[in-house]
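Everything on this sheet refers to the single structure shown next.
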Amino acid sequence: MSERSALSDLAHFVGRSALASEDMAVRNRALAGMTGRMLPKRRSVGDLLGVVLALSARTRRMVQEPVRIDLDVFAPGGRRAIRLTIGER
């Protein structure tokens, strides 16, 4: 019984939001307020290009195989002075 009353309430629902207004000026102000809160600042084309380039570089690095660098430094007498390994073994 309660399901039926809830459905009939929903069927007779009347929107009271500013977005449901017949006046386009009121509706446009409500939409502008919502989008203004969601997008607080406008971005330039340069900002968007920077984001695209950063994501592209990050994707390329994820796809490439890992790099391993072995560096041996020898002293003048021929003995190993430093051995440095960067990356996975």
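The values are calculated or read from the model by the stated rules, or taken from the named source; none is laboratory data. Note that the structure is predicted; figures quoted are calculated from it, not measured. Reconstructed Cβ throughout: ideal geometry from the backbone, glycine too, with neighbour counts over all protein chains shown.
Quick notes
- A single member of ALA30, ALA57, ALA6, ALA75 is touching a strand residue (DSSP E or B) at 6+ places or on another chain (Cβ under 6 Å) and of a type in the set (Gly, Ala, Ser), and it is ALA75.
- Which listed residue is among the hydrophobic types (A, V, I, L, M, F, W, C) and farther than 30 Å from SER17 by Cβ, from LEU31, LEU39, LEU55: LEU55
- Residue in the range 35-57 that is loosely packed, with under 10 Cβ neighbours inside 10 Å and in contact with a Ser or Thr (Cβ under 9 Å, 6 or more places away or on another chain) present: no
- When residues of the range 27-77 are limited to those that are of a type in the set (Asp, Glu) and not in a helix (DSSP H, G or I), the one modelled with the lowest pLDDT: GLU65
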